[in-house]
1. Go through the range 248-258 residue by residue and turn each phi into a ³J(HN,Hα) via Karplus (6.51, -1.76, 1.60, θ = phi - 60°); whole Hz please, and just put x for glycine and proline.
2. Which entries of 125/209; 125/320; 25/210; 103/210; 125/256; 103/224 have Cα-Cα distances beyond 31 Å here?
3. Taking amide H atoms as placed 1.01 Å from N in the peptide plane, list the residues 5 or more away in sequence, or in a different chain, whose amide H sits under 5 Å from that of residue 50.
4. Roughly speaking, what is the stretch gain from residue 294 to residue 71, that is 0.36 nm per residue apart minus the C-alpha to C-alpha distance, in nm to one decimal?
5. Please compute the modelled spin-label separation between residue 314 and residue 267, points set 7 Å along Cα→Cβ, answer in nm with one decimal.
6. Across the range 297-307, in residue order, what do the Karplus-derived ³J(HN,Hα) couplings come to in whole Hz, using 6.51 cos²θ - 1.76 cosθ + 1.60 with θ = phi - 60° and x for Gly and Pro?
7. Amide H of residue 57 versus every other amide H placed in the peptide plane: which residues, excluding those fewer than 5 positions away on the same chain, fall under 5 Å?
8. Could you do me a favour and compute the accessible area per residue for the range 90-245, 1.4 Å probe, result in Å²?
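The values are calculated or read from the model by the stated rules, or taken from the named source; none is laboratory data. In this text the structure is predicted, and so the values were computed from the model without any measurement. Cβ atoms come from the backbone with ideal geometry, glycine included; neighbour counts cover every protein chain shown. In case anyone asks, the SASA skips ligands and DNA or RNA and just uses the protein heavy atoms, side chains included. Shrake-Rupley method; radii C 1.70, N 1.55, O 1.52, S 1.80 Å.
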Amino acid sequence: AAKHVFCDGHRSLDDRKWIEGTVTKLIIQIPCLNEAATLPVTLRDLPRSIPGIDVIETLVIDDGSEDNTARVARNEGVNHIISFPRNRGLAVAFTAGINACLKNGADFIVNTDADNQYAGTDVVKLLTPLLSGEAEISIGDRNISSLRHLPFIRRALQHLGSWVVRQVSNTTVPDTTSGFRAYTREAALQMTIVSEFSYTLESIIQSGKKRMAIAHVPVATNPKMRESRLFDSTVSYIKKSTATIIRVYAMYEPLKIFTYIGGAVFSAGFLISLRFLYFYLSGLGGGNIQSLILSAVLMIVGFQVLLIGLVADVISGNRKLIEDLLYRIRVMELERRNEPPPRPPDTGTEVS
């Protein structure tokens, strides 16, 4: 575990652990939007002690709620509260929570939903692959097929979407939209979310491309307490999810995507040129000049797309360097934060 400086309220632990700096800390973060009614139930369902964890704290991100969610969290004894004056979206709230957890010395971070969808007792199962060192990220598998409160079309789309994410991320996560997940400190430090819609799909694709060890464990779900607020309709969800997958995949594999597109366009133009050449050699090319023009346009466009892919690949390389720099800055900030306070200067005063 990392070395941390904690307040005196935690000194009930073994003093030797505090002196040696080997206390293992878990922070459970909960993004919230108007969750005053469901948040208390969610908090009371969370475990109070976990083998291998010395300190368990909670963090609530109030994403512009209008129902006193932050006050309810404070009354329920939440250790850390972040409040946004207006709604900024789930991805922003999640990222703010991860940053706050790191700054507060978390060795492990668990993210769960405030609507009590996930069984809090399964936090232990979620952390098991991380505590054993088998994985850096653990994602709860709800077994979508068993969620009868979801319409059949929603379950089918969830399966399809998870399959697509597995293909583009080279992972084996069966439930890619699950918000019940755990991160090691190292994995959280390397995370950079750019989407404003949801973090679930982007974080898996990103982690897969970075070759992180991702585990998935079966988890239980509680009866539904409210409807989802993440999207207005199934069509809206499909549009936003598809855009997120394409955008994130293009960030990590730009040359491949532009090569496919540019190659398809160039090939279409080349085939049309072969058609024109056939008619021309047959003495019938006089009336097919339009095919020659279309062929030239498609081949030029295809070649330009390929060049754009090369430029995008260079930009992707620079982005990886920026991500590595951001990671190093975060590590330096945490190391500086956990350093003991400087000793007061020696005044040189003699005592007789």
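1. Once θ is set to phi - 60°, the couplings for the range 248-258 become 5, 5, 5, 5, 9, 10, x, 5, 5, 5, 5 Hz.
2. 125/320; 125/256; 103/224
3. Residues meeting the criterion, in which the H sits 1.01 Å from N, do not exist here.
4. Contour length minus the Cα-Cα distance gives 73.8 nm.
5. 2.7
6. 5, 5, 5, 5, 4, x, 5, 5, 4, 4, 5
7. 26, 27, 28
8. 41
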